[in-house]
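Undergrad: Starting off with a structure, shown below.
No lab work stands behind these numbers, since they all come straight from the coordinates. This one's a predicted model, so the numbers in the text were calculated from it and none came from an experiment. Every residue, glycine among them, receives a Cβ derived from its backbone with ideal geometry; neighbour counts consider all protein chains shown.
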Amino acid sequence: MKRIPFPHNDNNFIIEYHKTREGPSGFMCYYKNAATYRLEPLDAWRTLGIAKFTDTGKALKQWCLDMVDQFDNTVVDDEEPNDNTKMVM
């Protein structure tokens, strides 16, 4: 799992994008003494509540959308570990 932190994190507000190899990637949101895991970028942005209309909230929305565009649209061409093996009988 690869964790990518939001650049404007502080002690009371932390957002990280978790890029997972298996399963869905998503956003870990720590805000107002609560932690939630959001799969959709706009749901991560909505955890701010009324604060989503501040400059940091607008930057978070754009960052969330950029993370999904950058990492979820790429296809990983990993070779399977059993591709070059032979069965012995």
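Undergrad: Between THR85 and THR20, what is the FRET efficiency for a Förster distance of 30 Å, r being their Cβ-Cβ separation, to the nearest 0.05? The partial results should precede the final answer.
TA: Details: r = 27 Å, r/R0 = 0.88.
FRET efficiency, THR85 to THR20: 0.70.
Undergrad: Apply the Karplus curve 6.51 cos²θ - 1.76 cosθ + 1.60, θ = phi - 60°, to the phi angles in the stretch 7-15 and return the couplings in whole Hz, x for Gly and Pro.
TA: x, 9, 5, 9, 5, 9, 8, 9, 10
Undergrad: A further question on this structure: Place +1 on the Cβ of every Lys and Arg and -1 on the Cβ of every Asp and Glu in the chain, take the dipole about the Cα centre, and give the residue among TRP63, PHE13, THR85 whose Cα lies farthest towards its positive end.
TA: PHE13
Undergrad: Still on this structure, please answer the following. In square nanometres and to one decimal, what's the mean projected area of the convex hull around the Cα atoms of the stretch 2-72?
TA: 4.4
Undergrad: Helix 55-67: angle to the longest alpha-carbon principal axis of the chain, degrees 0 to 90, nearest 10?
TA: So the helix axis and the longest Cα principal axis differ by about 10 degrees.
Undergrad: Continuing with the same structure: So what J values fall out for the stretch 37-43 if you push phi through Karplus, 6.51 cos²θ - 1.76 cosθ + 1.60 with θ = phi - 60°, rounded to Hz, Gly and Pro as x?
TA: Once θ is set to phi - 60°, the couplings for the stretch 37-43 become 10, 10, 8, 9, x, 6, 5 Hz.
Undergrad: Sticking with this structure for a sec: In nanometres, what is the gap between the two model label sites at ALA51 and ASP72, each 7 Å from Cα along Cα-to-Cβ?
TA: 2.4
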